[in-house]
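Notes follow the structure.
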Amino acid sequence: MPGIVIALGIALLVVITLVNTARIVPQKKAYIVERLGKYAKTLNAGFHILVPFLDRVSYKHSLKEQTIDVPPQTCITRDNITVEVDGVLYLQVVDPVKASYGIEDYMFALSQLAQTTMRSEIGKLELDRTFEERVMINHAIIEAVDKASDPWGVKVTRYEIKNIHPPQSVKDALEKQMRAEREKRAAIAESEGQREAKINVAEGVKQESVKHSEGERVRRINEAEGRAREIELVAIATAEGLRKIALSIIEPGGAEAVNLRVAEQYVREFGNLAKTNNTVIIPSTLSDVGGMVAAANSLLKATKEGTA
């Protein structure tokens, strides 16, 4: 019976020893093993057996990318404005041995280093530029922290500023400034719209004047052409009438008809003169109608000879 108890005790001790010496390392994990208090090896993902009572897992590191929330801190800008800034730091362990023995707590150290670097970078800028130069600030913090963390076996991948909180008085001033800037842009846009409208109206009036003048010019040209054509047609008709009169004169009895026509016209016109005027000037040769007809006959003979 005592032998059975001893055997069970030995078996239990063996099981406990195996449990304590067997290690299963998950993926993206790294275990640091020390033998008698001195670094022995690094266990990567998989199943491992340690030397009982000699080996001990001292550190466990995650090889995944990790996030550190950098708490808010007070910074003073170049123009002496106090702002509160916080951020997020992304890092990854690339050397588990350095991360174990290079520093006591690399996450705390990186958080403090990010805060001090942030205060330094914010102090180089004025308040207005801190909102515009976030990318530059992030890059400067990454460069400084990554360089300092290299002996610790940690790689800093990214840093992002989450919030920049200026004092309430500064917020009110910035809001007024932005409101004034928006009103300024609105006034400029309105004035430009009015200017464009006036330019369009002036351009329309100009085009209307040009079209009107062109229309007036065309109308006058048409009228002038019409009058010229009218004069031409009248001249042609007059010439044709004179030609026919001349032809009629040279025909037999034409001269006598002309003499009679002239005498009739002479008497008619003199009668019209007596109707339109109270005072009538009677020529001394009023009764000499025959002489007037004889003069007309002489003119007709000359015209006839010239026509012949």
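The values are calculated or read from the model by the stated rules, or taken from the named source; none is laboratory data. All figures in this text were calculated on a predicted structure; none of them were measured in a lab. A quick note on method: Cβ atoms are made from the backbone with ideal geometry, for glycine too, and the neighbour counts reach across all protein chains shown.
Here are some notes:
- Looking only at residues of the stretch 140-160 that are free of Cβ contacts under 8 Å to residues at least 40 places away in the same chain and loosely packed, with under 14 Cβ neighbours inside 10 Å, we find that the one that is nearest to SER100 (Cα to Cα) is LYS147.
- Filter result for GLN66 (assigned to a strand (DSSP E or B) and modelled with pLDDT of 90 or more): yes
- Here GLN66 meets the list (1) without any contact (Cβ under 8 Å) to a residue 12 or more places away in the chain; (2) more than 13 Å from SER149 (Cα to Cα) almost entirely, failing just condition (1).
- Scan of the stretch 161-182 for residues that are out of contact with any Phe, Trp or Tyr (no Cβ under 7 Å at 6 or more places or on another chain), crowded, with 16+ Cβ neighbours inside 10 Å and not in a loop (DSSP other than H, G, I, E, B), ordered by number: ILE161
- Among the residues listed as ALA40, ALA11, the single one being of a type outside the set (D, E, K, R) and either in contact with a Leu (Cβ under 6 Å, 6 or more places away or on another chain) or assigned to a strand (DSSP E or B) (or both): ALA40
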